[in-house]
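Written out below as structure tokens is the structure these notes cover.
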Amino acid sequence: MDNQQIAADLFTAFEIGDMDTVRSLCAPEFRARQNLNNEFDVETLIQFSQAVSAIVDNFHYEEVIRSATDRGFVEEHTVTGTLPNGSQLTLAACVVADIENGKIMQLREYVDTAAAAELSAALA
């Protein structure tokens, strides 16, 4: 499976809530970061994703731009859906991943923190 397909499979799994596929795409030593904050493992990423999906109605990705790199992939997308207060979530994100032996080793996500404020408040 090429790096673009791994990215496509990962984000499709997040959209549909298939966390077994997320786990299968990530290496056991997987580490992730959001906006250069503390590192976390795949189970923490899954818990966060499930919390977001639970409160964001019609959670999905739009405006996807995906590129394979020598080390993995880069994906830009807009996270969209409806927040519990009825407002529209429109959150720009860029995800950079390192892949080794067909498994995601590292994931670095950069998001627009101002646009994420309502989501953060809803998660709190």
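The values are calculated or read from the model by the stated rules, or taken from the named source; none is laboratory data. Only a predicted model underlies this, so the values are computations on that prediction, with no experimental measurement involved. A quick note on method: Cβ atoms are made from the backbone with ideal geometry, for glycine too, and the neighbour counts reach across all protein chains shown.
List of remarks:
- Number of residues in region 88-100 that are polar (S, T, N, Q) and touching a residue at least 12 places away in the same chain (Cβ under 8 Å): the value is 1.
- Single residue of region 92-124 satisfying the filter (under 21 Å from T78 (Cβ atoms) and charged (D, E, K, R)) that is modelled with the lowest pLDDT: E118
- When residues in region 74-98 are screened for being touching a Leu at 6+ places or on another chain (Cβ under 9 Å), hydrophobic (A, V, I, L, M, F, W, C) and within 20 Å of F40 (Cβ to Cβ), 5 of them pass.
- Inter-residue pairs, beta-carbon under 7 Å, first within 28 Å of A27 (Cβ to Cβ) and touching a residue at least 24 places away in the same chain (Cβ under 8 Å) and in region 102-124, second polar (S, T, N, Q) and surrounded by 15 or more Cβ atoms within 10 Å (Cβ to Cβ), 6+ apart: E109/Q34; V111/Q34
- Qualifying residue in region 13-29 (condition: in a helix (DSSP H, G or I), buried (at least 18 other Cβ atoms within 10 Å of the Cβ) and aromatic (F, W, Y)): yes
- Residue list for region 23-48, filter: within 16 Å of K103 (Cα to Cα) and aromatic (F, W, Y): F30
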